[in-house]
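Please treat every number below as a calculation from the coordinates, not as lab data. Keep in mind the model is a prediction, meaning the values are calculated, not measured. Glycine also receives a Cβ, built like all others from the backbone with ideal geometry; neighbour counts cover every protein chain displayed.
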Amino acid sequence: MKRSLAVVSAGLRLPSSTRMLADRLAEAARRELEGQGAQVDVDAVEVAEHGQDLVGHLTTGYPSDGLRRAFETVTRADGLIAVTPTFTASYSGLFKMFFDCIEDTALVGKPVLIAATGGTGRHSLVLEHALRPMFAYLRAVVVPTAVFAATEEWGSGGSEEPLVRRIGRAAGELAVEVGRRESPEVPDPYSDPVPFERLLDGG
Amino acid sequence: MQFGIFGVGDVARDPVSGRTPTEHSRIRAIVEYAKLAEDVGLDVFALGEHHNPPFVPSSPTTLLGYIAARTERILLSTSTTLITTNDPVKIAEDYATLQHLAGGRVDLMMGRGNTGPVYPWFGKDIRDGIALAVENYALLRRLWREDVVDWEGKFRTPLQGFTATPRPLDGVPPFVWHASIRSPEIAEQAAYYGDGFFHNNLFWPKDHVRRLVELYRNRFEHYGHGAADEGIVGLAAHLFIRPNSQDAVREFRPYFAHSLYGGGPSLEETMAQTAVIAGSPQEVVERVLTYRDHAAGDYQRQLFVVDGIGVPHKTVLEQIELLGEVVPVLREEFAKDRPAQVPDAPVHPRLGAADEERATSEEGRR
């Protein structure tokens, strides 16, 4: 069976520790899903590449072609890994704009793994007070383990390190949620409209 | 093919002079634009409806009624009539009256409106927007087509034995267009009834416009009103014309930047993607001719925005004059290769006869 993971990463630097965390999570989730016997496609969306287009979308109301493709990648994915740097006690504005602009039904029922990076572990609750409520609003299924990576954790080694264990646990939870669902159906309202008789009957 | 101008009557500060017109001068100016549009040979003048600042046209039939008295030939339309928050009974009465006064020159373009608080101000809920458009229009159609209406729906008081007066001129209801930028439900509604579909493509790029118009055309055929290319389609564009292209762009830029367009994609990007055109008459002709692509074929009505966003009165008059020079070229070019089965936009039977007369006399002049 084919399964797909979308990885939305809102890092700004090159190399980006946010992207690094996103890649680690994606790799771990891929292994877990392959363990279920699935073939896995991983599609990365770098939010920063769509920065101008997101501002354009907010003012014009329509996405550029590139941004539309990014939204489609996320909407059609079986699971989503969403990673943001911590900015001023929250997700970055760019990360939020991406989810402000995507259709508000795009994530309904979709398994989501949330993760964030920050200077120190003191920011880690950003996942619980900012990201989890936002995805709850979008009616996504957010897995219980959220992963925060502080800068210092990139300097600790070994497979028993807390960051490595959390990555493994969160990826396992995501794979379980993806495994128990069919792939999302994405209807095209332009080629498959609601017949007018049904609209006349009140929808 | 019909060409005309439309506006929403916004009162906006001119970012160049710093001056803001009064509501009074704006209302008088709108009347002048309609009159000039007729004088330079345009076919349609359409006016929006809003119920909050900075817009003045809250009472479109009052304005259009006055304009009807000051003009003789030009079609009068709306851009748009709020089918969601207006009582369909009042729309039936107001526009039937206007049609009598205008001698058949009236059609309407239905829209849902775009400002959230307008719904609660009129006792409605924006989340019912589509449902209101569907139910209210279904009632409006019956009020214009049946002498006595018994009716019960979700959104207004039931009617028993109700007759909307005056009855439509010669028993023919005004032609209706349905306008939407993104809603497939509205394209579906227009197709179901065999009404016109108008896309305000000055806000949306070609591919999006085309998908929605194609949906309308396919469903028009599905519901048995004719082939897909016989659907009745209208498009928009925002114009700023100067004899010289660079002058047009330079002069239009501050208005663009300080308007609802500002802050997003640049003027150049916006012009490349959507139906915003600042350029020479020749460029306007070239661009508008490509809109057959947006409309997925030949279409029936092309409306232009030339006023608003602070553009001063004198400049707007110049724009209408220039448009009067551009439109004959557009008419000629659009007429070339137009398939014979593509119909004109329906007009009241009283005008059909007048149109034929005019065509014959123009033919005679050539």
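Do we find that A:Phe71 is over 26 Å from B:Tyr261 (Cβ atoms) and either away from chain B (no Cβ under 14 Å) or touching a residue at least 12 places away in the same chain (Cβ under 8 Å) (or both) in this structure?
For A:Phe71, the condition - over 26 Å from B:Tyr261 (Cβ atoms) and either away from chain B (no Cβ under 14 Å) or touching a residue at least 12 places away in the same chain (Cβ under 8 Å) (or both) - is not met.
Scanning segment B:185-196 turns up one or more residues that are in a loop (DSSP other than H, G, I, E, B), of a type outside the set (Val, Ile, Thr) and surrounded by 15 or more Cβ atoms within 10 Å (Cβ to Cβ). Counting only helices (runs of 4 or more DSSP H) that fall entirely inside segment B:258-305 and contain at least 3 residues that are within 19 Å of B:Phe334 (Cβ to Cβ), the qualifying elements are B:281-289, B:291-294. Count of segment A:144-166 residues, restricted to those that are touching a strand residue (DSSP E or B) at 6+ places or on another chain (Cβ under 7 Å) and either surrounded by fewer than 17 Cβ atoms within 10 Å (Cβ to Cβ) or among the aliphatic types (A, V, I, L, M) (or both), is 5.
Being touching a Pro at 6+ places or on another chain (Cβ under 9 Å), within 14 Å of another protein chain (Cβ to nearest Cβ) and surrounded by 19 or more Cβ atoms within 10 Å (Cβ to Cβ) is true of B:Thr274. Residues considered: B:Glu268, B:Glu332. Of these, the only one that is of a type in the set (Asp, Glu), within 14 Å of another protein chain (Cβ to nearest Cβ) and either surrounded by fewer than 15 Cβ atoms within 10 Å (Cβ to Cβ) or closer than 28 Å to B:Arg19 by Cβ (or both) is B:Glu268. If the condition is being away from every other protein chain (no Cβ under 14 Å), out of contact with any Gly (no Cβ under 7 Å at 6 or more places or on another chain) and among the hydrophobic types (A, V, I, L, M, F, W, C), then segment A:153-203 contributes A:Trp154, A:Leu163, A:Val164, A:Ile167, A:Ala170, A:Ala171, A:Ala175, A:Val176, A:Val186. Scoring B:Ile126 on the criteria (1) aliphatic (A, V, I, L, M); (2) under 21 Å from B:Ala96 (Cβ atoms); (3) surrounded by fewer than 20 Cβ atoms within 10 Å (Cβ to Cβ); (4) away from every other protein chain (no Cβ under 12 Å) leaves a single failure, condition (2). Candidates are the residues of segment B:156-172 that are assigned to a loop (DSSP other than H, G, I, E, B) and without any contact (Cβ under 8 Å) to a residue 60 or more places away in the chain; the one that is surrounded by the most Cβ atoms within 10 Å (Cβ to Cβ) is B:Thr163. Within segment B:281-332, the residues that satisfy the criterion of being of a type in the set (D, E, K, R) and in contact with a strand residue (DSSP E or B) (Cβ under 6 Å, 6 or more places away or on another chain) are B:Arg287, B:Arg301, B:Asp307. Pairs are defined by a Cβ separation below 7 Å, a sequence spacing of at least 6 or placement on different chains, a first member in segment A:183-200 that is in contact (Cβ under 8 Å) with a residue 12 or more places away in the chain, and a second member that is of a type in the set (A, V, I, L, M, F, W, C) and in a helix (DSSP H, G or I); no pair meets this definition.
Residues considered: A:Val42, A:Val108. Of these, the only one that is surrounded by fewer than 20 Cβ atoms within 10 Å (Cβ to Cβ), in contact (Cβ under 8 Å) with a residue 12 or more places away in the chain, in a strand (DSSP E or B) and aliphatic (A, V, I, L, M) is A:Val42. Quick one: would you say A:Gly66 is over 17 Å from the mean Cα position of the chain (by Cα) and not in a helix (DSSP H, G or I)? Judged against the criteria, A:Gly66 is not a match. Here A:Leu12 passes the criteria (1) under 17 Å from the mean Cα position of the chain (by Cα); (2) in a helix (DSSP H, G or I); (3) more than 20 Å from A:Leu138 (Cβ to Cβ) except the one numbered (2). A search for C-beta distances below 7 Å between a residue of segment B:198-210 that is more than 7 Å from chain A (Cβ to nearest Cβ) and any residue that is of a type in the set (Phe, Trp, Tyr), counting only pairs 6+ apart in sequence or on different chains, returns B:Phe198/B:Trp177.
Residue by residue through segment B:20-36, note down the ones that are of a type in the set (Gly, Ala, Ser) and touching a helix residue (DSSP H, G or I) at 6+ places or on another chain (Cβ under 6 Å).
B:Ala29, B:Ala34
None of B:Tyr261, B:Tyr223, B:Tyr216 is touching a Gly at 6+ places or on another chain (Cβ under 9 Å) and facing chain A (nearest Cβ under 9 Å) except B:Tyr223.
Selection within segment A:167-203: residues that are β-branched (Val, Ile, Thr) and surrounded by fewer than 19 Cβ atoms within 10 Å (Cβ to Cβ). The member of this set that is nearest to A:Val83 (Cα to Cα) is A:Val176.
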